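K.L.:
Below: one structure in structure tokens.
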Amino acid sequence: MSEFWRLSAVKAVELLKKGEVTPLDLIDDALARIAAVNPKVNAMVTLCAERARDHAKRLMQKPIDQRGLLAGLPFGVKELNDVAGVRTTYGSPIFADNVPVRSDIMVETIEGNGGIVLGMTNTPEFGAGANTFNEVHGETYNPWNIKLNAGGSSGGAAVALATGQVWMATGSDLGGSLRTPAAFCSVVGLRPSPGRVPSGPGELRFDMLSVNGPMGRNVTDTALMLDAMAGWHIEDPISYPADAEPFLSAALRRTKPGRVAFCLDPAGLPIEQAVKDICRRALDKLAAAGLTVEEATPDFSGVGNAFQTLRAADFAATVQTLLRQHRDKLKPEVIWNTEKGLALSSEQIGKAQLRRSRLFADMVTLFKTYDLLILPAAPILPRDIKERWPKEINGEQLDNYVEWLKLAALITMTSCPSLALPGGFSADGRPIGIQLVGKPRGEADLLSHGLFVEDFLGLRDKVPLDPITH
């Protein structure tokens, strides 16, 4: 067959392992698809076709059963993670000519499991901001309406998946950077528990806020990608061994959740009514499927502000040198966030850490009763591509670019794994996602429940699609 790009990742790997297609076949098919659709959406920003072919040829010298879990499946890497020998700019003019000599641990892990890097996906500068644009590569457009933004900061990854340019992609998430673009593009993104996916080596090796994670077109593809990413690595001090059972096997159990908690107005944050309506319809479908769905929530008061404090402290630690040396090349939002961090007191940081600790205890209590917590994945529908960040939601004014990310940040602060799934569409065809939150380090059960939910919502086969112009 042709048009291998239409296959799920799980099916493509199955064909690779049967010898019915080769890694080179998939590379060529993906490159043709990229040439056809990427000019309309700008998701893939740097290709490494010859590197990919060389890797494929090395793999193909091995017996098929020795080619690793992914057996030669091409994938995309978010341009915040180094790939050896490939231009990696982090979306910043400061690093416009940067070519790393070593790949990120996460990339090494996936390649060690038979994945082949096809290219880099677009991201905002240093991943800051949930609309994907930068001064190096420009804007990434939403495939459901190319006048809209794709979310961020893993926007390029989400769009590449939604348009069939890659079968799998890596993402990262601090304040919703996996979950928001998944919601905006009707694909799946998993924010795993800190330490689940090893990464680095970097400056913040003990960082418990930002994580790398898998993105796919559906839950099973995302589970397979997590299998290729997860595990212990000596250079990542918070990493830990993968579960004995593969995540894909766990997902395929399709376990029906028992009791499900939901919250459509966490901490009184502003959320568009259309978003809540879509989430409510999804919850009604789950209730009709026999799930016990009840409104319940931990105490999220003050968590959003605590997140902003800890986020700013991280920016101060990692960006202050660039601020001194290259202030003129940093976007205003990055400067603001770094200076906010530099102005923090030890008391503010300490209080934020204590608030996070209390929230974790509350989540443990919640999960003694419920299997899942469901919330919206993003507070708004996709907006105009030219809007750098939302200045208002429901008439409530937002005074900085992080404020609208507080919904996702509430879950970031729990350290619980979170799965963003397609939840539905607005009357004018804009996608939105729902967010399924699982128990601490409970990715296996979360993916299993997630596949059950995905089945009932019936949105799994909406992608890949050709970009829609209006």
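K.L.:
So in the chain, what percent of DSSP beta bridges are antiparallel if you round to the nearest 5?
P.N.:
Values: 30 of 44 bridges.
DSSP beta bridges in the chain are roughly 70 percent antiparallel.
K.L.:
Relative contact order for region 352-435: what is it in percent, counting Cα pairs under 8 Å that are at least 6 residues apart?
P.N.:
Numbers: 72 pairs, mean separation 30.3, N = 84.
Relative contact order of region 352-435: 36 percent.
K.L.:
Sticking with this one: Are any of the pairs Lys40/Lys78; Lys147/Lys276; Lys329/Lys462 more than 28 Å apart by Cα-Cα distance, and if so, which? The partial results should precede the final answer.
P.N.:
Working: Lys40/Lys78 19 Å; Lys147/Lys276 23 Å; Lys329/Lys462 39 Å.
From the list (Lys40/Lys78; Lys147/Lys276; Lys329/Lys462), the Cα-Cα distance tops 28 Å for Lys329/Lys462.
K.L.:
Just tell me which lysines come within less than 19 Å, Cα to Cα, of Lys17; anything on the same chain fewer than 8 places away is out.
P.N.:
The qualifying lysines are Lys57, Lys62.
K.L.:
Same structure again: Between beta-carbons, use under 10 Å as the cut-off and find the net charge around Thr292, counting Lys and Arg +1, Asp and Glu -1. Working shown, then result.
P.N.:
Values: positive: Arg259; negative: Glu294, Asp371.
Counting the neighbours of Thr292, the net charge comes to -1.
K.L.:
Next up: Kindly provide the helix-only [θ] at 222 nm of the chain, computed as the sum of -39,500 (n - 2.57) over DSSP H runs of four or more divided by all residues, to the nearest 500 deg cm²/dmol?
P.N.:
Working: 14 runs with 174 residues, N = 470.
Value at 222 nm, helices only, nearest 500: -11500 deg cm²/dmol.
K.L.:
Express in Å², to the nearest 10, the accessible area of Arg87 obtained by rolling a 1.4 Å probe over the protein heavy atoms while all chains stay in place.
P.N.:
90 Å²
K.L.:
Using 0.36 nm per residue, how much length does the chain from Glu3 to Arg259 gain when fully extended, once their Cα-Cα distance is taken away?
P.N.:
Numbers: separation 256, 0.36 × 256 = 92.16 nm, distance 4.13 nm.
Contour length minus the Cα-Cα distance gives 88.0 nm.
K.L.:
Sorted by accessible area (1.4 Å probe), largest first, how do Arg217, Arg460 line up? Numbers along the way, then the final one.
P.N.:
Details: Arg217 10, Arg460 75 Å².
Sorted by accessible area, descending: Arg460, Arg217.
K.L.:
I'd like the FRET efficiency for Lys11 and Gln397, computed as 1/(1 + (r/R0)^6) with the beta carbon distance as r and R0 of 60 Å, rounded to 0.05. Intermediate results must be reported in sequence, preceding the final value.
P.N.:
On the way: r = 47 Å, r/R0 = 0.79.
Efficiency, from the Cβ-Cβ distance: 0.80.
K.L.:
Also: Over all directions, average the projected area of the Cα convex hull of the chain and note it in nm². Working shown, then result.
P.N.:
Numbers: hull surface 80.8 nm².
Spelled out: convex hull of the Cα atoms, projected over all directions, averaged, 20.2 nm².
K.L.:
Can I ask one more? Starting from 0.36 nm per residue, how many nanometres of slack lie between Leu323 and Ala35 once their C-alpha separation is accounted for?
P.N.:
100.0 nm
K.L.:
Follow-up question, since we're still on this one. Write down the Kirkwood hydrodynamic radius of region 296-343, to one decimal in angstroms, obtained as one divided by the mean of 1/r over all alpha carbon pairs.
P.N.:
About 11.6 Å, per the Kirkwood formula over Cα pairs.
K.L.:
What distance in nm separates the simple spin-label points at Val101 and Tyr240, each placed 7 Å from Cα in the Cβ direction?
P.N.:
3.5 nm
K.L.:
Wrap a convex hull around the Cα atoms of region 106-243, take a quarter of its surface area, and give that in square nanometres.
P.N.:
Values: hull surface 31.3 nm².
Projected area, direction-averaged: 7.8 nm².
K.L.:
Computed over the Cα atoms, what is the radius of gyration of region 351-470 divided by 2.2 N^0.38 Å, N being its residue count? Before the final figure, lay out the partial values.
P.N.:
Details: Rg = 16.6 Å, N = 120, 2.2 N^0.38 = 13.6 Å.
For region 351-470, the normalised Cα radius of gyration is 1.23.
K.L.:
Still on this structure, please answer the following. What is the set of long-range amide H partners of Lys78 at a cut-off below 5 Å, with H atoms built 1.01 Å from backbone N?
P.N.:
Amide H neighbours of Lys78, under 5 Å, 5+ apart: Thr121, Thr170.
K.L.:
How big is the accessible area of Ile238 in square angstrom, nearest 10, if you roll a 1.4 angstrom probe over the protein chains?
P.N.:
Ile238 exposes around 30 Å² with every protein chain in place.
K.L.:
State the Kirkwood hydrodynamic radius of region 78-129 in Å, one decimal place, computed from all pairs of distinct Cα atoms. List each step's numbers first, then the result.
P.N.:
On the way: mean 1/r = 0.0888 Å⁻¹.
For region 78-129, inverting the mean 1/r across all distinct Cα pairs yields 11.3 Å.
The values are calculated or read from the model by the stated rules, or taken from the named source; none is laboratory data. Only a predicted model underlies this, so the values are computations on that prediction, with no experimental measurement involved. So basically every Cβ, Gly included, is an ideal-geometry build from the backbone, and we count neighbours across all protein chains shown. Surface areas here come from the heavy atoms of the whole protein model, side chains and all, with no ligands, DNA or RNA. Shrake-Rupley method; radii C 1.70, N 1.55, O 1.52, S 1.80 Å.
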